[in-house]
Structure formats: structure tokens, C-alpha cells
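The values are calculated or read from the model by the stated rules, or taken from the named source; none is laboratory data. None of the values given here were measured: they were computed from a predicted structure. Heads up, the Cβs are rebuilt from the backbone with ideal geometry, glycines too, and the neighbour counts pull from every protein chain shown. Side chains are part of the model used for accessible areas, which takes the heavy atoms of the whole protein and leaves out ligands, DNA and RNA. Shrake-Rupley method; radii C 1.70, N 1.55, O 1.52, S 1.80 Å.
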Amino acid sequence: QVQLVESGGGLVQARDSLRLSCAASGRTFTTCNMGWFRQALGKEREFVAAVSRGGSSTYYADSVKGRFTISRDNAKNTVYLQMNSLKPEDTAVYYCACRSAWLFTRETGTSSYDYWGQGTQVTVSS
């Protein structure tokens, strides 16, 4: 199985920036399309962004488009989420996830992903 560990969350002010990291174990990272999801208190887990296996294709939720950037470094077995212009409504636990597939498609459902990290808390104060 793939083990994923998120880091980089914290407490920031509105309009600030954060970069989240997700480190993957083993030699299977390159088989994963990678996604970031978030879950606010009392709400369902929602899609944030995804990146293809090679890193050349990305897809974003409308709520973060233009503010967040997903990227990956396969040599480091790591996927990143650069979050700029943060808003209080971005407050959530952020999860990274692996979707094992040959082709990159714009899948946004949690059931499309096979492995999940433990999450990292992001809190944005107003």
C-alpha cells in the first residue's frame, strides 16, 4: 500500500500563504495521480486540486482556482499545495490522496482515490 503523510498546516491570517507537503512512501508514487481534499468542521470532504502522474496536468476546484497551485516532485516522492490569498473559508483539515490510474481524468469524488493521508489542519483567521 501507499502511505501518505501531510505537513505544513498551521494558523495564518487572511491573505497570507501556506505551502502544504505530502510525502509518499515506497516506489509506487509515480503510479499515483495525486489529489488534495479538504474537510471543514461539520462538512463533507471536498475536492481541492489534482495533478497527473508526471505533473503536467492539473485540475482545480472553482473555489481555489487562481489562488492554489498543486505540483509534484517525483524524485522526492512529494506533492505540494501552494495556497495563496487564503480566506477564512479555506479553514479545514487538508488531505492528500493517491488515485492509481493510467490516464488523468477530472475525478473529484473521494471514492475515486485509493490511499489517503492523515490530514493537516489549516486555520485562517479574519
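Only one entry in 2, 79, 51 is in contact with a Cys (Cβ under 8 Å, 6 or more places away or on another chain), under 18 Å from residue 117 (Cβ atoms), among the β-branched types (Val, Ile, Thr) and at pLDDT 95 or above, namely 79. Name every residue in segment 106-126 that is closer than 15 Å to residue 61 by Cβ and open to solvent by 40 Å² or more (accessible area, probe 1.4 Å), in order of residue number. Once the filter is applied, which keeps residues that are closer than 15 Å to residue 61 by Cβ and open to solvent by 40 Å² or more (accessible area, probe 1.4 Å), segment 106-126 yields 106, 107, 108, 110.
Rundown of residues vs (1) under 23 Å from residue 123 (Cβ atoms); (2) in contact with a strand residue (DSSP E or B) (Cβ under 7 Å, 6 or more places away or on another chain); (3) aromatic (Phe, Trp, Tyr); (4) at pLDDT 95 or above, yes/no style:
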{"site": "13", "(1), (2), (3), (4)": "yes, yes, no, yes"}
{"site": "16", "(1), (2), (3), (4)": "yes, no, no, yes"}
{"site": "29", "(1), (2), (3), (4)": "no, no, yes, no"}
{"site": "36", "(1), (2), (3), (4)": "yes, yes, yes, yes"}
{"site": "43", "(1), (2), (3), (4)": "yes, no, no, yes"}
{"site": "47", "(1), (2), (3), (4)": "yes, yes, yes, yes"}
{"site": "59", "(1), (2), (3), (4)": "no, yes, yes, yes"}
{"site": "62", "(1), (2), (3), (4)": "yes, no, no, yes"}
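Within this structure, residue 80 fails the test of being among the aromatic types (Phe, Trp, Tyr) and over 15 Å from residue 120 (Cβ atoms). For segment 56-69, filtered to residues that are more than 19 Å from residue 8 (Cα to Cα) and not charged (D, E, K, R), the residue that is most open to solvent (accessible area, probe 1.4 Å) is 56.
Candidates 72, 53: the one that is closer than 19 Å to residue 9 by Cβ, among the basic types (Lys, Arg) and touching a helix residue (DSSP H, G or I) at 6+ places or on another chain (Cβ under 9 Å) is 72.
Going through (1) without any contact (Cβ under 8 Å) to a residue 24 or more places away in the chain; (2) under 17 Å from residue 1 (Cα atoms) one by one, residue 30 falls short only on (1).
The residues listed here are 72, 53; of these, the one that is open to solvent by 20 Å² or more (accessible area, probe 1.4 Å), under 18 Å from residue 2 (Cα atoms), in a strand (DSSP E or B) and free of Cβ contacts under 8 Å to residues at least 60 places away in the same chain is 72. Applying the criterion of being at pLDDT 95 or above and assigned to a loop (DSSP other than H, G, I, E, B) to the residues of segment 83-103, the residue that is most open to solvent (accessible area, probe 1.4 Å) is 87.
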